[in-house]
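The values are calculated or read from the model by the stated rules, or taken from the named source; none is laboratory data. These numbers come from a predicted model, not from an experiment. Neighbour counts are summed over all protein chains in view; Cβ atoms, including those assigned to glycine, are modelled from backbone coordinates with ideal geometry. The accessibility values were calculated without ligands, DNA or RNA, using every heavy atom of the protein model including side chains. Shrake-Rupley method; radii C 1.70, N 1.55, O 1.52, S 1.80 Å.
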Amino acid sequence: MGGGDRQSGHFGVDEGGSCAPSTNSTLGETVEAEALRRLRPTPTEERRLHRVIRTLIEHTARNIEVVRTRRSLGYNIDIRLVGSVAKGTYIRKPDIDIFLMFPSGVEREELKAVGLEIGHRCLEGGEELYAQHPYVRGGFMGYHVDMVPSYGVVDPSHIISAVDRTPFHTEYVKANLKPEQRDHVRLLKGFAKGLGVYGAETTVKGFSGYLCELLIIHYGTFEAVLEHASRDWHAGTVIARPKNEGGRRDGKGSKGRREPLVFIDPVDPSRNVAAALSKEKLELFKLASKEFLKNPRIEFFFPNPPPLLSEEELKIKLRNFVGIYFKKPKLPDDIIYPQLRKAALNLENLLRQYDFKVKRKAWYANDEAFVALELEKKELEKIKLHMGPPLHEKRHVEAFIKKWKNNKMAVEKPFIKDGRLWVKVRRKYTDALHLIEDFLHQINLGKNLNEIKNEMKICNGVELIKFNEFWSEYFCDKYPWER
């Protein structure tokens with residue numbers, strides 16, 4: 001397991017050497033070396049982390065016994081450290097991922113109830129979040145911890161819930177990632193993070209940690225990943241590990257695959273590890289890879305923040321935005337952000353239906369949330385020209401005249417211009433805010449957002465100035481490494 005990893009018990013705590021400097025001399029005194037000094041945990045941080053993990057596991061084991069006794073449970077619940085900490089590929093200030101492994105015969109509802117009870121007993125300020133089923137996120141001795149109930153299946157092809165794959169991912173990486181490659185994983189994660197493309201969650205749609213690890217296993221080094229990305233990755237590129245793990249194979253997209261990049265999960269060949277990656281984030285990564293190889297700079301890993309826009313600058317940039325804002329429901333980002341996107345799309349459809357031209361959309365959630373759309377004009381002329389059929393389409397001409405000849409919305413009777421019929425029509429809505437106000441309760445904003453429509457405020461863009469950091473990033477026309 002893991003090329004010489006030393007483990008603590010069966011929990012997979014990587015204790016010695018996982019943060020030692022890379023033995024790959026090609027890194028040398030380069031930008032990569034400087035990035036590693038800032039990404040790699042110090043020996044002191046490493047020792048403290050492992051002390052915390054041992055304490056957390058002991059604390060969790062005690063609480064499991066309390067819950068087992070109280071509930072008279074006739075089965076054991078195993079504790080498994082998973083994720084980047086277990087693999088030794090974490091960067092500084094890592095989160096800790098603990099899986100509570102239930103026997104496969106336990107009912108889902110019982111797994112949820114027992115798992116959540118243990119999580120709340122173990123962690124400070126625990127909140128319940130949802131993947132395929134709920135888990136607890138909280139604090140322990142200064143670290144963020146996710147405590148996830150799952151099934152301890154013996155074969156990844158027989159998983160009961162999606163999270164059941166995670167322990168197999170951890171074991172695969174530990175078995176196939178060479179010790180000297182851990183720093184290359186850190187570099188790749190730091191590079192992706194600096195670009196804003198690290199994370200598979202819906203708020204990012206980027207590279208997961210597991211995908212970064214697989215790419216290093218596959219290509220060997222950080223720079224090799226960048227070289228292949230900038231040169232070889234095209235729409236639908238498929239990457240797969242050979243069964244004997246003795247080499248690699250890449251290929252063009254297969255029929256039925258629509259994802260920008262496909263990396264076949266070696267643990268579950270039916271799954272694309274890169275499924276969450278958006279085309280936009282992939283193209284940014286490819287461009288940045290090409291630029292870094294030409295001119296390495298520390299800003300690729302640690303970009304400067306965009307300069308904050310002044311209130312006057314924001315007033316100008318936001319003058320043609322309209323939207324809604326509200327207090328964010330207590331929901332995880334993976335649930336709220338798809339609904340914000342849905343709300344933006346359906347608001348766009350409404351506005352376009354009434355002749356408002358939408359230039360771009362934005363949505364954001366923190367303590368408060370908003371959906372905003374930039375229009376070419378927020379107010380339209382009261383009268384518009386409505387185009388009818390060409391004169392040679394006699395049936396359509398008759399129908400058009402019949403519809404508009406005495407219509408109350410028509411300013412005058414239809415007339416001929418440039419070989420077809422036209423009519424001047426009064427617009428029902430000339431103000432975008434009034435339109436949204438009248439139709440907000442009819443628009444599908446998403447399940448949870450629909451429930452709080454009465455708490456939403458319809459707003460002009462200038463009322464969203466307080467979200468300065470978001471807008472400064474949104475309007476910044478420079479790539480992260482250029483700031």
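Observations
- Share of carbon and sulfur in the accessible heavy-atom surface of the chain [1.4 Å probe, %]: 49
- The convex hull built on the alpha-carbon positions of the chain has an orientation-averaged projected area of 29.9 nm².
- Label-to-label distance for residue 393 and residue 437 is 3.7 nm, based on points extended 7 Å past Cα in the beta-carbon direction.
- Under the Debye formula (equal points on every Cα, no solvent term), log10 I(q)/I(0) of the stretch 71-184 at q = 0.18, 0.22 Å⁻¹: -0.94, -1.25
- Karplus 3J(HN,Hα) series, Hz, for the stretch 94-108 with 6.51 cos²θ - 1.76 cosθ + 1.60 (x for Gly, Pro): x, 8, 10, 10, 10, 9, 9, 9, 9, x, 5, x, 6, 5, 4
- At the listed q of 0.27 Å⁻¹, the Debye profile of the stretch 163-202, built from one uniform point per Cα, gives log10 I(q)/I(0) equal to -0.94.
- Binned Cα-Cα distance frequencies in the stretch 363-483 - 10 Å width, integer %: 10, 26, 22, 19, 16, 6, 0
- Descending by average beta-carbon neighbour count within 10 Å, the peptides 363-371, 86-94, 212-220 line up as 212-220, 86-94, 363-371, the highest first.
- Along each principal axis, Cα extent of the stretch 304-344, largest first, Å: 33, 29, 17
- With θ taken as phi - 60° and the Karplus curve 6.51 cos²θ - 1.76 cosθ + 1.60 applied, the whole-hertz 3J(HN,Hα) list for the stretch 430-437 is 10, 10, 4, 5, 5, 4, 4, 4 Hz, x standing for glycine and proline.
- Evaluated over the Cα positions of the stretch 176-224, the convex hull gives a direction-averaged projected area, one quarter of its surface, of 3.1 nm².
- Orientation-averaged projected area, Cα convex hull of the stretch 307-426 (nm²): 11.6
- Förster radius 56 Å - calculated FRET efficiency between residue 231 and residue 310 (Cβ-Cβ, nearest 0.05): 0.85
- Computed [θ] at 222 nm, deg cm²/dmol, the chain (DSSP H ≥ 4; -39,500 (n - 2.57); rounded to nearest 500): -11500 deg cm²/dmol
- Among 480, 94, 459 the positive-end extreme of the charge dipole of the chain (Cβ point charges): 459
- Between residue 268 and residue 462, full extension at 0.36 nm per residue minus the direct alpha carbon distance yields a gain of 64.9 nm.
- Built amide H within the under 5 Å cut-off of residue 375, gap 5+: 321, 322, 359
- The listed peptides 389-402, 420-433, 272-285, ordered by packing as a protection proxy, come out as 272-285, 420-433, 389-402 (highest mean of other Cβ atoms within 10 Å first).
- Which of 160, 77, 55, positive extreme of dipole for the stretch 46-168 (C-beta unit charges): 55
- Base-10 log of normalised Debye intensity for the stretch 362-401 (one unit scatterer per alpha-carbon) at q = 0.17, 0.22, 0.25 Å⁻¹: -0.68, -0.79, -0.86
- Cα gyration tensor, the stretch 64-135 - rounded (a/c under 1.5), prolate or oblate: prolate
- Solvent-accessible area per residue for the chain (1.4 angstrom probe, square angstrom): 51
- For residue 47 and residue 334, a Förster radius of 30 Å and the Cβ-Cβ distance give a FRET efficiency of 0.35, rounded to the nearest 0.05.
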